[in-house]
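Step one of this worksheet: look at the structure below.
The values are calculated or read from the model by the stated rules, or taken from the named source; none is laboratory data. Not measured: the values here are computed from a predicted model. FYI the Cβ positions are ideal-geometry reconstructions off the backbone, even for glycines, and counts take in every protein chain you see.
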Amino acid sequence: MAQLILRDISVRTLRSMKHILLRSVFLFVLYVTPRAWGAAKDAVAPFTVTVVPSSSETNGSRIVIGGDKPKDFYVVLTNTSKKSEPVFEAWNSWGFRAVSFELTLPDGKKIAISKGAAIWTRNFPSIFQIPPGEHQVYALCLDKRWETHPKLDSDFEIQIKLKAIYQVEATPESTEHKVWTGRVESKSYDFTLEHLGAGE
C-alpha cells in the first residue's frame, strides 16, 4: 500500500515538474523572441545613400534616362559607422546590381530600375574599403543597359519621386570579405525625369 502511495506521489510530482518546465520554456520564448526580433529590425546599417542629379537649377533637379547618351548622375554611399566598411566593386558580379532605383509616377505607379543581364569573362569579388565618414561614389548612366519594370514609354518628360536602393545579398564571398549585407534606401527625391528613346 505504501509503495502504491509513494508511486502515485512520484507520478504526480513528475507531472507537476514537467508542467512547470514547459511553462518556463513557453514564458522564456514569449519574452525573448519579440526582443530578438526587435533588435534585428532596429539594427542600424553602416551606410546612408544619397542621390546627386544630372542637373540642379532654381526650377528643380533633373535626371535623364534611356537613349544612347543620357547624362550621368551619382549615387553616394556614405559610411556612417566608426570602422572601415568593405563593399564589392561595381564591375564584378557581387556588386554589379548593388545599386537600383524605385521611381514613383504622379499617378502613384511604381517603376523598378535595375541593371540588365551581363556576361563576365573575368570575375572575382574585389572590394573597395570605405573609411569612417567617407564615401563610395557611383557615377551612373541609365542607358539602354538598364531595365525598367514595368517598361516605360519612350520620349517623355514628367515629374517623379526617385529613391535609390543599395542592397547586397549574403554569399560565402560576403562572409569571407566581411562585406555588410542588407538593404539601405535613400530618401525620396522630387526630380524631373526625361526619358529618351533609342538613338537620342
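Observations, loosely collected:
- Taking (1) over 24 Å from S56 (Cα atoms); (2) over 18 Å from the mean Cα position of the chain (by Cα) in turn, I130 satisfies each apart from (2).
- Among the residues of the stretch 71-84, the ones that are surrounded by fewer than 20 Cβ atoms within 10 Å (Cβ to Cβ) and under 19 Å from W180 (Cβ atoms) come to 7 in all.
- When V87, V64, V99, V49 are checked against the criterion of being at pLDDT 90 or above, surrounded by 15 or more Cβ atoms within 10 Å (Cβ to Cβ) and touching a Ser or Thr at 6+ places or on another chain (Cβ under 7 Å), V49 stands alone in meeting it.
- The set of residues in the stretch 96-112 being within 14 Å of the chain's Cα centre (by Cα) and not in a loop (DSSP other than H, G, I, E, B) consists of V99, S100, F101, E102, A112.
- For A139, the requirement of being within 20 Å of the chain's Cα centre (by Cα), loosely packed, with under 12 Cβ neighbours inside 10 Å, in the same structural domain as G95 (by TED's automatic domain parsing) and not charged (D, E, K, R) is met.
- Residue check for E169: surrounded by fewer than 13 Cβ atoms within 10 Å (Cβ to Cβ), under 15 Å from E89 (Cα atoms) and of a type in the set (D, E, K, R): yes
- Residues of the stretch 121-165 that turn out to be assigned to a loop (DSSP other than H, G, I, E, B) and either modelled with pLDDT under 90 or under 30 Å from S81 (Cβ atoms) (or both), as a count: 19
Condition check ((1) assigned by TED's automatic domain parsing to the domain that holds Y189; (2) without any contact (Cβ under 8 Å) to a residue 12 or more places away in the chain; (3) closer than 21 Å to K71 by Cβ; (4) of a type in the set (A, V, I, L, M)) across all residues:
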position: F124; (1), (2), (3), (4): yes, no, no, no
position: I127; (1), (2), (3), (4): yes, no, no, yes
position: I130; (1), (2), (3), (4): yes, no, no, yes
position: R145; (1), (2), (3), (4): yes, no, yes, no
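- The residues listed here are S93, S61, S81; of these, the one that is within 22 Å of the chain's Cα centre (by Cα) and under 22 Å from H135 (Cβ atoms) is S81.
- Some residue of the stretch 104-113 being of a type outside the set (D, E) and farther than 19 Å from I63 by Cβ: yes
- Cβ-Cβ under 8 Å pairs, at least 6 apart or on other chains, the stretch 181-194 side surrounded by fewer than 19 Cβ atoms within 10 Å (Cβ to Cβ), far side at pLDDT below 90 and β-branched (V, I, T): T192/I63; T192/I158
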